[in-house]
Amino acid sequence: MICPQNQNQITSSSSWWRRLTATVLLASVLHTTIPIPAIAQQTNNLAASLPLINQATYTYTDSTSNYEYQGSSSPINVNPISPNPLVDPLGRILGCAGTILPDYTGFSVGVYEPNPSDSTGTELGSLVSLTRTELPDIPNNKVPGGKSPNTENSNPYFVTNNPAGVYNFLLDPNKGQTDPGRTYIFVVNPPPNSIYKQRRIKIEILASTGTQGNSVVQYVATSLDGQPISLTGETRVEQTVVLVPNSEVVGLDLLAFEFTTNLCQPNQLQIIKTGDRATAEPGDTVIYRLSIKNLADAALNNIFVTDNLPSGFNFLPKSGRGEVDGKAVSLTSERNGNTLIFRTDVTLPTDKVLNIAYAAQLTADALRGTGRNSAIVNAQRVDNRFSTKDGPATHQLKIRAGIVSDCGTIIGRVFVDKNFDGEQQSGEPGVSNAVIFLEDGNRITTDPNGLFSLANVLPGYHTGVLDLSSLPGYTLAPNKKFKERNSQSRLVHLEPGGLVRMNFAVTPTFQEPVKK
């Protein structure tokens, strides 16, 4: 039977102290199975200048021979160092799927204060002033605790290929850097011309047990660029971190700060929409083509396209086709109103293009629509199941009336109404250069006889308003027969293919000369 005994031997007595070096993973760019070890061993309060010897002894008896065995483990000698605790965030820059990048040349990381003049708390301020460290060197009274690779606690820090993409920063509780309410912005800067973009993550300290004996820190990490910071796709992660004391002695595989700041390409998918013609009329059939290209560094699946057809366009269900590299792929389609959804079970490799073609026929209602449709594509990476999308991609088709047209014409006149009946009689002249505004913003100006007309107007209700500022010396004539016409506006109803009149009666505000 083994009976271990743990004996802590103190060679002298003095004031007691405790050194805490708390290790937290500030921005592991994708959580991975590759461990990033830290060093930790809990100590009792010891004299600041005296060594601590930690050694285990054991005894056990052989049941056959009744012989008693004794032994002891190798001693661990810890030389006390500066009692200033530092929080030690470790991390690693990894790719979108949690893999090591082929080259880290030019990558840098930094911890920033939020810009105090920015109310959103998302813009960068100054770099956080970190406590500079070196490798332990007690005789010269240098601040110990420097950790590889960032042994001097530089901010920003340029990562290297050896070790690949690893970085770390030390936050000092004695400066209040782990106090509740402290906020930082962690930044990953790729080199120029990189396929990756800068990443920003907001770190907010929510709670802490305090500087002395500080063992727990609660924080929330929020993505500021919309990209996920976890393998399950979350953009906001809240964690409680148990700080690891005296990180110089025993190795641990830490699970603290388990959020990820993966470096994914900002544009992983591209959709282009084209049509076989620029103009069409009711009765025509238009062929649309959707080209979906995989720009990511991993294959994509679960691809579906949402396409919104303009009013008056009828999708032809049997027309849908899909192909990759000239080979047909399965494609299903469904329609909900003017919305089409295309799905395929194909897995699209990197740099490959999925082409989708379908046909739509124009009806007479297309004349009332815009002729503009748009499409959005969604997909998932096969490696980490992150979602990606692109769009909308649009196509504009000009619609001609052709032989099927229900448009009508609005005609009208601005005239001087001498008898105030609202109708033009002989001797009541028209007024030139009068301006009428329609409800859609169209501006119409009368000719020298006060006449105006507007052709190819869609049927329905329309409103015109007389702009009196265009008629200096005139005002609206009172209508003694129809009180509802005592207004600057006219409401008319245009039948399909019809004609409707919109007249405006005015009267001069000056004395007309008397004819002799």
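The values are calculated or read from the model by the stated rules, or taken from the named source; none is laboratory data. Just so we're clear, the structure is a prediction, and the values are computed from it rather than from any experiment. Counting neighbours? That spans all protein chains shown, and the Cβs are built from the backbone with ideal geometry, glycine included.
Assorted remarks:
- Selection count, region 445-458, where residues are surrounded by 17 or more Cβ atoms within 10 Å (Cβ to Cβ) and at negative phi: 4
- Output for region 360-398, where each listed residue is out of contact with any Lys or Arg (no Cβ under 9 Å at 6 or more places or on another chain), part of a strand (DSSP E or B) and polar (S, T, N, Q): Q361, Q380
- Residues satisfying the stated conditions in region 316-337, i.e. closer than 21 Å to A278 by Cβ and either surrounded by fewer than 15 Cβ atoms within 10 Å (Cβ to Cβ) or touching an Asp or Glu at 6+ places or on another chain (Cβ under 9 Å) (or both): L316
- For R289, the requirement of being surrounded by 14 or more Cβ atoms within 10 Å (Cβ to Cβ), basic (K, R) and at pLDDT below 95 is met.
- Take the conditions (1) surrounded by 13 or more Cβ atoms within 10 Å (Cβ to Cβ); (2) closer than 30 Å to G283 by Cβ; P496 misses just one of them, which is (1).
- Within region 137-162, the set of residues being of a type in the set (A, V, I, L, M, F, W, C), at pLDDT below 85 and not in a loop (DSSP other than H, G, I, E, B) comprises I138 only.
- Residue list for region 398-416, filter: at pLDDT 90 or above and either buried (at least 17 other Cβ atoms within 10 Å of the Cβ) or closer than 18 Å to L468 by Cβ (or both): I410, G412, R413, V414, F415, V416
- In the set (1) surrounded by 14 or more Cβ atoms within 10 Å (Cβ to Cβ); (2) modelled with pLDDT of 90 or more; (3) farther than 14 Å from G412 by Cα, the condition left unmet by S469 is number (1).
- Per the conditions (1) farther than 30 Å from T279 by Cα; (2) loosely packed, with under 12 Cβ neighbours inside 10 Å; (3) among the basic types (K, R), the sole criterion not satisfied by K480 is (2).
- Scanning region 181-208 for residues that are among the polar types (S, T, N, Q) and assigned to a loop (DSSP other than H, G, I, E, B), we see that the one that is surrounded by the fewest Cβ atoms within 10 Å (Cβ to Cβ) is N193.
- Test result for E234, of a type in the set (D, E), surrounded by fewer than 17 Cβ atoms within 10 Å (Cβ to Cβ) and modelled with pLDDT of 70 or more: yes
- Failed item in (1) more than 29 Å from V457 (Cβ to Cβ); (2) of a type in the set (A, V, I, L, M, F, W, C); (3) assigned to a loop (DSSP other than H, G, I, E, B), with A401 passing the rest: (1)
- Looking across region 92-136 at every residue that is of a type in the set (A, V, I, L, M), over 24 Å from N193 (Cβ atoms) and part of a loop (DSSP other than H, G, I, E, B), the one that is modelled with the lowest pLDDT is identified as L135.
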